[in-house]
Amino acid sequence: MSNTTLITGANRGIGLQFVQQLLAQGDTVIACCRNPEQAAELVQLGEQFPHHLELVGLDVSQPEQLHGLKAYLGDRIIDTLINNAGLYGPKGLHFGEVDSSGFNEVMQVNVLAPLLLVQTLSDNLARNSKIAILSSMMGSISDNQSGGAYLYRASKSAVNAIGKSLANDLAPRGVAVILLHPGWVQTEMGGPNALIDTQTSVEGMLKVIAALNLDNSGEFRNYDGRELGW
Ligand SMILES: NC(=O)c1ccc[n+]([C@@H]2O[C@H](COP(=O)([O-])OP(=O)(O)OC[C@H]3O[C@@H](n4cnc5c(N)ncnc54)[C@H](OP(=O)(O)O)[C@@H]3O)[C@@H](O)[C@H]2O)c1
């Protein structure tokens, strides 16, 4: 039987590439995004892989939509849950310019949503299920040599803390968790000057996820498998 993978923010960027590669390897993919009817690439993939791709509307910042997803899934088992949806928030704000705008949304989407999604789908995770959380090197406090990016950095440090707690809490149930830095990737968020394309990033992350187990659960890893400092 094929693996079932659920991914958020599946309509573009890294999320869409995950969907493409997972379908190519034979997974059943539950692709969640805010506006499935406008997600042209996903709709096209759905026509290509009618028995393996399901599109579900999900704004991860809306708790009632998380419950809608749970109702849609019923008691189906999710083998791999990829928390990919994320946002950078207000750009180019230096020290002295930051205010509260964007803070709640960035924290809601990047930090709270992955936790609430895992809690909501807790019964859909079985022994050997895996959870991947798209963090960022920008969340590494030990690597921060350039300052700035206050909200995004804080959100990714915070989601690292959440991922580590999930790894501890879910280990007795046989569920492993990994925090991933996808690299600096050419997407809308990464911009055109980014160093790698989505294909390279996702190929690497899928290898890291394939190697994830309870012995290496709770680690923070680069897309190429290198362990990263907190
Ligand atoms: N690109 C990089 O260099 C890089 C580096 C480090 C980490 N990351 C992380 O990797 C992940 C994917 O990034 P990306 O580069 O693919 O970014 P992207 O191209 O900007 O795509 C972001 C995705 O997140 C979705 N999203 C945002 N808010 C959402 C919400 N409230 N509910 C549901 N979906 C929402 C977007 O959906 P809409 O189309 O509806 O907005 C889109 O599908 C993010 O967590 C990001 O922080 C990226």
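The values are calculated or read from the model by the stated rules, or taken from the named source; none is laboratory data. Note that the coordinates shown come from a computational prediction; the quantities given were computed from them, not determined experimentally. Here the Cβ is made from the backbone with ideal geometry for all residues, glycine too, and neighbour counts use every protein chain on show. Just the protein is used for accessible areas: all its heavy atoms, side chains included, with ligands, DNA and RNA removed. Shrake-Rupley method; radii C 1.70, N 1.55, O 1.52, S 1.80 Å.
Of the GluC sites (Glu not before Pro) found in the range 135-230, those that fall in a DSSP loop while having at most 10 other beta-carbon atoms within 10 Å are Glu188.
Exposed loop sites here are trypsin sites (Lys or Arg not before Pro) in DSSP loop states with at most 15 other C-beta atoms within 10 Å. What is the longest stretch of the chain lacking them? Let's see the in-between values first.
On the way: sites that count: Arg76, Lys91, Arg226.
In short, 92-225.
Shape class of the chain from the Cα gyration tensor (axes a ≥ b ≥ c, square roots of the eigenvalues): rounded, since a/c falls below 1.5. Seen from Gly148, the other residues with C-beta closer than 13 Å to its C-beta sum to a net charge of +1, counting Lys and Arg as +1 and Asp and Glu as -1. Applying the Karplus relation 6.51 cos²θ - 1.76 cosθ + 1.60 with θ = phi - 60° to the range 173-178 yields 3J(HN,Hα) values of 8, x, 9, 9, 10, 10 Hz, where x marks Gly and Pro.
How high is the FRET efficiency from Glu37 to Ile141, r the C-beta distance, R0 41 Å, rounded to 0.05?
Working: r = 40 Å, r/R0 = 0.99.
Efficiency for this residue pair is about 0.50.
For His67, the accessible area of its heavy atoms, probed at 1.4 Å with every protein chain present, is near 110 square angstrom. Ligands, DNA and RNA left out, the 1.4 Å accessible surface of the chain is 51% carbon and sulfur atoms. Relative contact order, whole percent, for the range 4-222 stands at 19, derived from Cα pairs under 8 Å and 6 or more residues apart. In the full protein context, the chain carries 48 Å² of accessible surface per residue, based on a 1.4 Å probe and ignoring ligands, DNA and RNA. Estimated at 0.36 nm per residue, the fully extended path between Ser100 and Ala71 surpasses their Cα-Cα distance by 7.0 nm.
Find, among the GluC sites (Glu not before Pro) in the range 5-113, those assigned to loop by DSSP (not H, G, I, E, B) with at most 13 other beta-carbon atoms within 10 angstrom. Before the final figure, lay out the partial values.
Values: sites: Glu37, Glu41, Glu47, Glu54, Glu64, Glu97, Glu105; in loops: Glu97.
Of the GluC sites (Glu not before Pro), the ones in loops of the range 5-113 whose Cβ has at most 13 other Cβ atoms within 10 Å are Glu97.
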